[in-house]
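J.: Here it is, the structure in full.
Just so you know, all these numbers are worked out from the coordinates, no wet-lab data involved. Note that the structure is a prediction, hence the values are computed from the model and not measured. Glycine gets a Cβ as well: all are built from the backbone with ideal geometry, and neighbour counts include every protein chain shown.
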Amino acid sequence: MKAAVYDSREKLVVRDVPMPQLDANEVLIKVINTGFCGSDHSMVESRNLKDGTIIGHEVSGTVADMGAQVAGTSVGDRVIIRPTCCGKCRECRLGKPYLCRVDRRTIGLGDFPGGFAEYLKVDPRMLIPIPEGVDSQNGALAEAFAASLHGIRCSGKEEGSALVIGGGSIGLALVRLLKIMGFGPIVLSEPVEEKRVLAIDFGADTVVDPFNENLILRAMDETGGAGFDTVFECSGLGESVQTAVNAAANGGTVCVVSIIMRNIEIMPVTLNFKEVWLTGSYSNTHEENIRCLKWMAEGRIDGRPLITDYVSLDELPHIYRERIDTGRAIKVMLKIGEEF
Ligand SMILES: [Zn+2]
Ligand SMILES: [Zn+2]
């Protein structure tokens, strides 16, 4: 089968690799669409991968085959794939299965090869059915929305004013979810015009170009001088964390959704004076994916406008260099199998 694999010299190359061999308790998935995630980019650039690794975890597909011990799944089922958990450890009992330390199996960043390939194999507990009325592209986008929903849940807020810093796919998905959930006003800060336009379509009340406007002055303006109840950092830029704290209201919450792997400077007294809660979010749950798929089925979420590049596996190495590594694409979606 064909796969895009990591290569330390070329970054990504398309190769012929052996088909996955199923154990009795494994399921073979024919991949239809796989989204390229920001964390995939970070993994490639970290150069910590072994040559030949297949990444990619934002997958929609159909069940193609299964081992003798697998029950409750049929060939042809439409599914997305999320990690397993044990259900019993401290973290699982706290409702944080994504932090499970006992039985966390994942595709594309863990022990199973990922979705930049024609087929992959999974543990059956990883499967989440795609409901009627949701196409394969939205299916592959469900995880990005679930990650955004998880950011909102981590903030602990259920209403109020919200600022999203950074209009990549996660920031834009957040805008959509905040709108559905009744937050307002919703403001997005993003320097790229195309992304600001999409944010308005997704439900932002105001968009700000932080390169040409003073974000903090605008933030105060939009909230009658109070600042925002919740601020989501989705730009991946370390400096934005302090900006987020500065834009938060007294008692407001800042949730760092983007993964920032470097030291940043922050002035702690800015947390004291406003008693700002500073937290972060990581991954998402099956339940959050199911919730987002349901909103997709109801027509409240359509993530497809996020897709700026719809390409084949063969095109991925080129698109990686030209559109992903340069930050030009919002969402690169791979077309691998026949869409539904
Ligand atoms: Zn992802
Ligand atoms: Zn566990």
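J.: Hey, what's the Kirkwood Rh for the range 146-280 if you take every pair of different alpha carbons, in angstrom? Intermediate results must be reported in sequence, preceding the final value.
T.: Numbers: mean 1/r = 0.0703 Å⁻¹.
Taking every pair of different Cα atoms in the range 146-280, averaging 1/r and inverting gives 14.2 Å.
J.: Choose one of 307, 74, 329: the residue whose Cα lies farthest towards the positive end of the charge dipole of the chain (beta-carbon charges +1 Lys, Arg; -1 Asp, Glu; about the Cα centre).
T.: 74
J.: In debye, nearest 20, what is the charge dipole magnitude of the chain about its Cα centre with +1 on Lys and Arg Cβ and -1 on Asp and Glu Cβ, if you could check? Kindly include the intermediate steps, with their values, before the conclusion.
T.: Numbers: 36 positive and 46 negative charges, 172 e Å.
Dipole size: approximately 820 debye.
J.: Quick check: net charge around residue 309, other residues with Cβ under 10 Å of its Cβ, Lys/Arg +1 and Asp/Glu -1? Display every interim value, and only then the final one.
T.: Numbers: positive: 323, 328, 331; negative: 315, 322.
Summing Lys/Arg as +1 and Asp/Glu as -1 gives +1.
J.: Ok, one more. Within 10 Å of each candidate Cβ there may be at most 16 other Cβ atoms; applying that plus a DSSP loop requirement, which GluC sites (Glu not before Pro) in the range 190-228 survive?
T.: Within the range 190-228, the qualifying GluC sites (Glu not before Pro) (loop, at most 16 other Cβ atoms within 10 Å) are 213.
J.: What is the total of Lys pairs in the chain with C-alpha atoms under 16 Å apart, excluding same-chain pairs fewer than 8 positions apart?
T.: 10
J.: Continuing with this model, one more query. Counting other beta carbons within 10 Å of each Cβ, put 94, 22, 198 in order, fewest first. Let's see the in-between values first.
T.: On the way: 94 9, 22 17, 198 23.
With the sparsest Cβ surroundings first, the list reads 94, 22, 198.
J.: With 10 angstrom as the radius, rank 177, 215 by how many other C-beta atoms surround their C-beta, starting from the fewest. All intermediate terms of the calculation are to be shown ahead of the outcome.
T.: Details: 177 25, 215 20.
Exposure proxy ranking, most exposed first: 215, 177.
J.: What would the Debye formula give as log10 I(q)/I(0) at q = 0.06, 0.09, 0.11 Å⁻¹ for the alpha-carbon point model of the chain, no solvent?
T.: For the requested q values the scattering log ratios are -0.21, -0.48, -0.71.
J.: Which value, in debye to the nearest 20, describes the size of the charge dipole of the range 146-280 about its Cα centre when Lys and Arg Cβ atoms bear +1, Asp and Glu Cβ atoms bear -1, and nothing else is charged?
T.: With Lys and Arg at +1 and Asp and Glu at -1, about 340 debye.
J.: Any idea which of 270, 24, 187 is furthest toward the positive side of the dipole for the chain, if Lys and Arg beta-carbons carry +1 and Asp and Glu beta-carbons -1?
T.: It is 24, whose Cα lies furthest towards the positive end.
J.: Next question. Using the charge dipole of the range 146-280 (Lys, Arg: +1 at Cβ; Asp, Glu: -1 at Cβ; taken about the Cα centre), state which of 217, 228, 171 has its Cα farthest towards the positive end.
T.: The listed residue farthest towards the positive side: 171.
J.: Next question, about the same structure. With axes computed from alpha carbons, what is the tilt in degrees of helix 286-297 against the longest principal axis of the chain, rounded to the nearest 10 within 0 to 90?
T.: Between the helix axis and the principal axis of the chain, the angle is about 90 degrees.
J.: Place a +1 charge on the Cβ of each Lys and Arg in the range 252-340 and a -1 charge on the Cβ of each Asp and Glu, then give the dipole magnitude about the Cα centre in debye, rounded to the nearest 20.
T.: Working: 11 positive and 13 negative charges, 50 e Å.
So the magnitude is around 240 debye.
J.: Relative to the longest principal axis of the chain, what angle (0 to 90°, nearest 10) does the C-alpha long axis of helix 193-202 take?
T.: 90 degrees
J.: By how many degrees, 0 to 90 and rounded to 10, does the Cα axis of helix 169-181 deviate from the longest principal axis of the chain?
T.: Helix 169-181 sits at roughly 70 degrees to that axis.
J.: For a footprinting-style exposure proxy, rank 127, 141, 271 by other Cβ within 10 Å, fewest first.
T.: On the way: 127 22, 141 30, 271 15.
Going from least to most buried by this count: 271, 127, 141.
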